[in-house]
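Novice: Got a structure here, written out as C-alpha cells. Questions coming.
The values are calculated or read from the model by the stated rules, or taken from the named source; none is laboratory data. What you are looking at is a predicted structure, and each value in this text was computed from that prediction instead of being measured. Every residue, glycine among them, receives a Cβ derived from its backbone with ideal geometry; neighbour counts consider all protein chains shown.
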C-alpha cells in the first residue's frame with residue numbers, strides 16, 4: 001500500500017462501520033493502540049494516517065507514534081507512554097488481532113494497558129472499468145451463510161486498463177478489537193486463543209472473513225479473493 005499520505009484521508013482507510021470505533025480509540029489517553037498485520041500489508045501507512053488524525057486534539061503532545069514493537073525494549077517504551085498518560089501508537093507484525101494482542105503481552109505490555117488492536121490485510125480490488133455482476137451459485141452461498149438467497153457477486157472481465165487481470169489496485173480490510181474487562185481477564189488467565197477469539201467476536205469484533213465478504217457483496221473485490229486471503 002505504497003501511497004502518499006497527502007492523498008489518503010482517514011475515511012479512505014476504514015469501512016464506514018469502523019470509523020467511529022477507531023476515532024474513539026484514537027481519543028484515548030493512558031493507553032496503547034496497536035496496528036498489526038503481515039509484512040507488506042500497509043499497516044505502517046495506516047498507523048501514520050491514524051496518528052495524524054489523533055493529533056488533531058488540544059493535547060496532541062501526548063500522542064506518541066512509535067516504531068515497531070518487536071522485543072521487550074520497544075514494548076517497554078509503549079507501556080511507559082501509556083502509564084504516563086499518553087497514547088502510544090505502534091505496529092506489530094502478526095497475522096490477526098488476537099495474535100497481535102498475545103504477542104504484545106508476551107513482549108511485556110500489560111493487557112490492561114492495551115485499548116485496542118487494528119489488524120489489517122490487503123485484498124485485490126476489482127477493476128472499475130470492467131466490473132460485472134453474476135448470481136452467486138449454491139456452493140458459494142453455503143460458504144458465506146446465505147443459502148437460498150438471491151445474491152449478486154462481482155468480478156472483473158479483464159480489459160486494457162487492468163492488463164486483462166480483472167483487478168486494479170488494492171483495498172484494506174480490518175479486524176478491530178476493542179478490549180474490555182472480560183477479554184483482559186481471559187488473557188490474564190491464559191485462556192486459549194480460540195476461547196479469546198470467540199469472546200472477542202461476541203464483544204463485536206468482525207473477523208477478516210466477515211469483513212471481506214461484506215466488501216465482496218459491495219462489489220469491491222471478488223469472493224475468491226476473500227476466500228484466498230482470509
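Yes/no per residue for (1) at pLDDT 95 or above; (2) buried (at least 16 other Cβ atoms within 10 Å of the Cβ); (3) over 21 Å from residue 224 (Cβ atoms):
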{"residue": "87", "(1), (2), (3)": "yes, yes, yes"}
{"residue": "90", "(1), (2), (3)": "yes, yes, yes"}
{"residue": "109", "(1), (2), (3)": "yes, yes, yes"}
{"residue": "117", "(1), (2), (3)": "yes, yes, yes"}
{"residue": "125", "(1), (2), (3)": "yes, yes, no"}
{"residue": "128", "(1), (2), (3)": "yes, no, no"}
{"residue": "133", "(1), (2), (3)": "yes, no, no"}
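Novice: Okay, next question. With the requirement that a residue be within 16 Å of residue 95 (Cβ to Cβ) and modelled with pLDDT under 90, what does segment 43-79 give you?
Specialist: Listed by number, the list is empty, since nothing qualifies.
Novice: Here is a follow-up. In segment 32-61, how many are in contact with a strand residue (DSSP E or B) (Cβ under 8 Å, 6 or more places away or on another chain), surrounded by fewer than 21 Cβ atoms within 10 Å (Cβ to Cβ), touching a residue at least 24 places away in the same chain (Cβ under 8 Å) and farther than 28 Å from residue 125 by Cα?
Specialist: Qualifying residue count for the region: 1.
Novice: Moving on to the next point. Just checking, how many residues over segment 37-54 are touching a helix residue (DSSP H, G or I) at 6+ places or on another chain (Cβ under 9 Å) and under 16 Å from residue 26 (Cβ atoms)?
Specialist: Selection size over segment 37-54: 9.
Novice: Taking segment 153-190, which residues are over 28 Å from residue 227 (Cα atoms) and more than 21 Å from the chain's Cα centre (by Cα)?
Specialist: 181, 182, 185, 186, 188, 189, 190
Novice: I need the helices (runs of 4 or more DSSP H) fully contained in segment 62-154, keeping only those with at least 3 residues that are in contact with a strand residue (DSSP E or B) (Cβ under 9 Å, 6 or more places away or on another chain).
Specialist: On the way: elements: 72-83, 97-107, 138-143.
So the answer is 72-83, 97-107.
Novice: Tell me the residue from 82, 97, 78 that is crowded, with 23+ Cβ neighbours inside 10 Å and under 25 Å from residue 211 (Cβ atoms), please.
Specialist: Working: 82 fails: under 25 Å from residue 211 (Cβ atoms); 78 fails: under 25 Å from residue 211 (Cβ atoms).
Unique residue meeting the criteria: 97.
Novice: Which ones in segment 172-183 are assigned to a loop (DSSP other than H, G, I, E, B) and surrounded by fewer than 17 Cβ atoms within 10 Å (Cβ to Cβ)? Explain how you work it out, then say what you get.
Specialist: Step one: of segment 172-183, the residues assigned to a loop (DSSP other than H, G, I, E, B) are 179-180.
Correct list: 180 only.
Novice: If I go through segment 184-223 residue by residue, how many of them are assigned to a helix (DSSP H, G or I), in contact (Cβ under 8 Å) with a residue 60 or more places away in the chain and farther than 17 Å from residue 145 by Cβ?
Specialist: Of the residues in segment 184-223, the ones assigned to a helix (DSSP H, G or I) are 184-188, 193-202, 208-217, 223.
With in contact (Cβ under 8 Å) with a residue 60 or more places away in the chain added as a condition, the list becomes 184, 187-188, 193, 196-197, 200, 208, 211-217, 223.
Now narrow it down to the ones that are farther than 17 Å from residue 145 by Cβ: 184, 187-188, 193, 196-197, 200.
The total comes to 7.
Novice: When residues of segment 14-31 are filtered for being at pLDDT below 90 and surrounded by 22 or more Cβ atoms within 10 Å (Cβ to Cβ), how many remain?
Specialist: Going through segment 14-31 one residue at a time, the tally reaches 1.
Novice: What number goes with the only condition from (1) closer than 20 Å to residue 25 by Cβ; (2) modelled with pLDDT under 95 that residue 193 does not pass?
Specialist: Unmet for residue 193, out of (1) closer than 20 Å to residue 25 by Cβ; (2) modelled with pLDDT under 95: (1).
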